[in-house]
Amino acid sequence: MRYLIDFYSLLCLFLISVGKIFIFVHVDSLVFAAFFISLTGSMFTMLIKHNHCHLTIFRAAPLNYIMDNWLNVLPVTSTSSVKIVHNINHHDAVNDENIDWVSTKRFEKRGNLVGCILYVLTAPYLTVIKKSEWLSKNKNRRIFKYNLLENIMLIITVILLGLISFKAVLIVIILPAMALQFVLALVNYLQHFDTKDRNSNDIYWKWFNFLFFNVGYHNRHHDYPSLHWSLLSKDTK
Ligand SMILES: [Zn+2]
């Protein structure tokens with residue numbers, strides 16, 4: 001492990017996994033709660049996944065491959081998708097209207113609230129279209145093949161779980177995975193709306209950053225995307 005503090009990341013993933021298995025088994029008595037608990041777990045997982053996509057938790061490739069799959073199954077998204085949409089496009093474009101696939105700029109012109117609602121409703125669709133276009137132009141890259149492999153493994157996992165309980169798969173896996181894309185769009189909007197010159201909106205609350213892996217120091221993260229999340233702060237130079 002590169003940084004011991006990632007035991008906190010692993011502990012969170014362990015608790016999320018136990019929670020998801022519990023609600024999968026007890027979905028009949030939970031229903032709506034199961035959906036929201038699963039969605040919350042997926043949101044936390046995406047924070048850890050984002051960090052892992054920038055700087056792998058382990059140094060050893062086999063361990064990172066296991067991490068990739070663990071981080072894929074919980075929210076039902078692939079690490080390669082995060083790398084294409086976030087690491088490759090977003091970090092290069094930083095909300096530039098012309099090159100960021102999901103820039104907030106065009107939507108902000110409709111007013112912050114209306115713009116936000118329109119953005120959240122459209123960004124997941126735009127992301128899928130743009131990612132597909134990118135993949136079709138990059139078929140020779142390793143990430144194309146890895147994306148295919150990850151998606152096949154995810155589909156097989158969902159089908160196998162569906163054989164156990166279709167209702168549980170729908171409420172605990174498929175619906176939260178769809179809702180997650182809208183939540184991620186909302187987070188991206190809040191991080192980038194009404195900013196200029198490749199800046200983003202920061203949140204400096206200590207408790208917030210303690211809980212959410214320093215995600216509030218977003219400007220510093222854009223300045224140093226490969227810097228471990230635990231080293232980010234308002235004063236990172
Ligand atoms: Zn990032």
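Structure above, values below:
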| read-out | value |
| --- | --- |
| Kyte-Doolittle mean at least -1.0, axial Cα span of 27 Å or more - DSSP H helices of the chain | 6-25, 32-54, 112-137, 142-164 |
| Cα-based convex hull, region 100-237, per residue volume (Å³, whole number) | 163 Å³ |
| Segment F212-H91, extension gain: residue separation times 0.36 nm, minus the distance between their alpha carbons | 41.6 nm |
| Hydrodynamic radius by Kirkwood, which averages 1/r over all alpha carbon pairs of the chain, in angstrom | 18.7 Å |
| Quarter of Cα convex hull surface for region 73-139, i.e. mean projection, nm² | 5.2 nm² |
| Inter-part distance where region 76-118 and region 187-237 are each reduced to a Cα centre, Å | 16 Å |
| Square roots of 5 times each gyration tensor eigenvalue, C-alpha, region 3-102, largest first, Å | 27, 19, 10 |
| Extended-chain gain in nm, criterion 0.36 nm per residue less alpha-carbon gap, L121 and D223 | 33.8 nm |
| Mean residue ellipticity (222 nm) of the chain, computed from DSSP H runs ≥ 4 via -39,500 (n - 2.57), nearest 500 | -20000 deg cm²/dmol |
| Cα coordinate range in region 48-159, projected on the principal axes (Å, largest first) | 47, 28, 27 |
| Whole-Hz couplings from phi, Karplus 6.51/-1.76/1.60, listed for region 166-173; x for Gly and Pro | 5, 4, 5, 4, 5, 7, 8, 10 |
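Since every read-out is calculated from the coordinates, none of them should be taken as a lab result. The model shown is predicted, which means the values in this text are computed figures rather than measured ones.
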